[in-house]
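Nothing in this text is a laboratory measurement; each read-out follows from the coordinates by a stated rule. Being a predicted model, the structure only gives us computed values, none of them experimental. All Cβ positions, glycine included, derive from the backbone under ideal geometry; neighbour counts span all protein chains shown.
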Amino acid sequence: MATIYDELGVRAVINAAGTLTRLGGTIMPAEVVAAMARAAEHCVRIEDLQDRAGQIIAEATGAEAGYVTSGAAAGLMLGAAAAAAGLDIRKMERLPDTTGMKNEVIVQRPHRNSYDHALRAAGVTLIEVGGIGHPSPRPVEEWEIAAAINDRTAAIYWLDLPDLAGSIVSLEATARVARRFGLAVIVDAAASLPPTANLRAFTAAGADLVCFSGGKGLRGPQASGILAGRRELIESVALQHQDMDVHPATWSRRARYLESGRLPGPPGQGFGRGLKVGKEEIVGLLTALRRFLERDEAAEQAAWQRDAAIVADAVQRLPDVSAKVVVPPGRVVPLARIVWDEAQRRLSGVALVNALAEGEPAICVGGSGAGGQIHVNPFSLRSGEAEIVGRRLRELLA
Ligand SMILES: *Cc1c(COP(=O)(O)O)cnc(C)c1O
């Protein structure tokens, strides 16, 4: 069947690697696509739609308030901007210049990662705490976070990565320190859905802002995300994100902010304007969130297990090949982990991964192939694709 990518002269790929952004994330359910099309049929005041989205996100997460962003990274940028500027429109106007503001965000060293660029983009400086790992890597301790707090501290950042348990201060303990100093904890949980329980887990553990990707495990629009957290921080986000080409006398939020005396006037176009979200993304995200909450987790798990097993079964009787279906610790999506004796083959593991990606059909798997190992993640496979991946792997490994 011809895809729209064929019409454009671009090769579509079989995504056997998960929800990677560079592969377009994942497949959106037809119901989400249809909701986006309906959203495009009418205009709506974005602030009204975001307020309603915020209520729905608050219910789903247990947070006070919520917001639809253009992705988890946008959530981090907006969260850092909110922590630095609060509801001060002069500070909003100056961002990302944070001179003289609270502009330090504390991060445990093992939590440094290349997505934290999003925080730095808001003009804050990351203050690292914890040992540097050699000669004896030791866990970060609670007192190290407390000791780094000063008058310039705006927030504490926390990354959800199951692999780090044991080497970092837990979210509960981090939130305890933050509370003592009146600071916000901003959690990056971009790739932490599913499981469904994680929608609430970080807020319940004390996070003040949590960001999730909309286009990964939620199967919403690729350029969407959720920010859930404290009302005042979400208000700051909204004021710095929405179109502020408004007149004070006719601004739809004049009662909330101007007549109440909370703001001296509306802010101008803010720091977040480059992270714009359309009505289609907001409606798509909300539809994806509803589906996510209603889906049958057991049936979904069974379908992944079946697809992963189809791939593993296709190759495991080949000589020197081991193929197992495993669920990595702290995760829910099973992977087919395939390991082989590289020395016994004409193609190196890396050449095999490149041959898969450059072959027909193009198949992208997890891992580089180095050392003779890859994994196949079934999350983004379409019906019938597990068989194709298995067949192609068997050809290349035989
Ligand atoms: C994917 C990811 C991001 C970025 O999320 P987007 O929704 O693509 O902006 C940030 N942090 C982590 C840990 C991620 O896995």
Practice task
Return the whole-Å distance between the Cα centroid of the range 101-166 and the Cα centroid of the range 341-376.
Solution key: 36
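From the Cα gyration tensor of the range 82-231, with a ≥ b ≥ c the square roots of its eigenvalues, which class applies: rounded if a/c is under 1.5, or else prolate if a/b is larger than b/c, or else oblate?
On the way: a/c = 1.56, a/b = 1.01, b/c = 1.54.
Verdict is oblate for the range 82-231.
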Practice task
Among Trp304, Trp251, Trp340, determine the one that fluctuates most according to a GNM of the chain built with springs between C-alpha atoms less than 10 Å apart.
Solution key: Trp251
Handout entry: Straight-distance crosslink candidates among lysines, where the alpha carbon sits under 25 Å from Lys216 and sequence neighbours closer than 8 are dropped
Key = Lys276, Lys279, Lys324
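With +1 assigned to the C-beta of every Lys and Arg and -1 to the C-beta of every Asp and Glu, and no other charges, what is the dipole magnitude of the chain about the Cα centre in debye, to the nearest 20?
Once rounded to the nearest 20, the dipole reads 220 debye.
Calculate the dipole size of the range 226-362 relative to its Cα centre from +1 charges on Lys and Arg beta carbons and -1 charges on Asp and Glu beta carbons; express the result in debye to the nearest 20. Spell out each step's value before the answer.
Details: 19 positive and 18 negative charges, 106 e Å.
Using Cβ point charges on Lys, Arg, Asp and Glu, the range 226-362 gives about 500 debye.
For the range 206-277, give the magnitude of the charge dipole about the Cα centre (Cβ charges: +1 Lys/Arg, -1 Asp/Glu; no others), in debye to the nearest 20.
Values: 10 positive and 6 negative charges, 39 e Å.
For the range 206-277, the charge dipole is close to 180 debye.
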Handout entry: Lys/Arg +1, Asp/Glu -1 at C-beta; the chain dipole; positive extreme among Gly71, Val129, Val237
Key = Val129
Exercise for the section: Would you please put 178-190, 108-120 in order of how densely packed they are, using the mean number of other Cβ atoms within 10 angstrom per residue and starting with the highest? Expected result: 178-190, 108-120
